[in-house]
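Structure first, commentary second.
The values are calculated or read from the model by the stated rules, or taken from the named source; none is laboratory data. Everything numeric here is computed off the predicted structure, so don't read it as measured data. Positions of Cβ are generated from backbone atoms using ideal geometry, with glycine treated the same way; all protein chains shown enter the neighbour counts. For the accessible areas, the whole protein counts, side chains as well, though only heavy atoms, and no ligand, DNA or RNA atoms are used. Shrake-Rupley method; radii C 1.70, N 1.55, O 1.52, S 1.80 Å.
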Amino acid sequence: MTFFRTLLAAAALVAGSAASASSETALQLTIKDHRFEPASINARAGEPIAITVKNLDATPEEFESKALKVEKVVAGNGEITVRLRPLKPGRYAFAGEYHEDTAKGELIVE
């Protein structure tokens, strides 16, 4: 009987992990001509967030946000995914560190 309880507990753990992964908010950003498109993205408060950043430029860019505590390089013609913990409502600025004058955006959490 202990084996079946262990098996049942393991199945519940896997099901719980799958449920939490599916509740992740998936957002898409592109970088083109050293600008983020769209420049503003929205997510719900209290839910994990995954932001996929696709760089359509031939040169690298760095997705950086002091507010989100993220700094990741996106290779030219490359793609990254930034995973964020659940956030409180607010506006979180991000920028492309290599082209800060044009590559600007914000994540709005409501």
Counting only other residues whose beta carbon sits under 12 Å from that of A93, what net charge do I get with K and R as +1, D and E as -1?
0
With +1 on each Lys and Arg Cβ and -1 on each Asp and Glu Cβ, and nothing else charged, work out how big the dipole of the range 58-100 is about its Cα centre, in Debye to the nearest 20.
460 debye
Please list, in chain and number order, the residues 5+ apart from V82 or on another chain whose amide H is under 5 Å from its amide H, with Hs placed from the backbone.
I51, T52, V53
Check T25: other-chain or 5+ apart residues with amide H under 5 Å from its amide H, H built from backbone geometry?
I49, A50
Please list 3J(HN,Hα) in residue order for the range 26-31, calculated via the Karplus relation 6.51 cos²θ - 1.76 cosθ + 1.60 where θ = phi - 60°; whole Hz, with x for glycine and proline.
9, 10, 10, 10, 10, 10
Within 11 Å, Cβ to Cβ, of I49, how many net charges do the neighbouring residues add up to if Lys/Arg are +1 and Asp/Glu are -1?
+1
Report R85's accessible area, 1.4 Å probe, all protein chains in place, as a number in Å² to the nearest 10.
120 Å²
Among residues other than E62 whose Cβ falls under 10 Å from its Cβ, what is the net charge (Lys/Arg +1, Asp/Glu -1)?
-4
Could you pull out every residue, at least 5 positions away or on a different chain, whose amide H is within less than 5 Å of the one on F36? Hs are placed 1.01 Å off N in the peptide plane, and Pro or chain starts have none.
K104
Work out, step by step, the length gained on full extension between T52 and K69: first 0.36 nm times the residue separation, then minus their alpha carbon distance; give nm to one decimal.
4.5 nm
Whole-Hz couplings from phi, Karplus 6.51/-1.76/1.60, listed for the range 38-51; x for Gly and Pro
x, 6, 10, 10, 10, 8, 8, 5, x, 10, x, 10, 10, 10
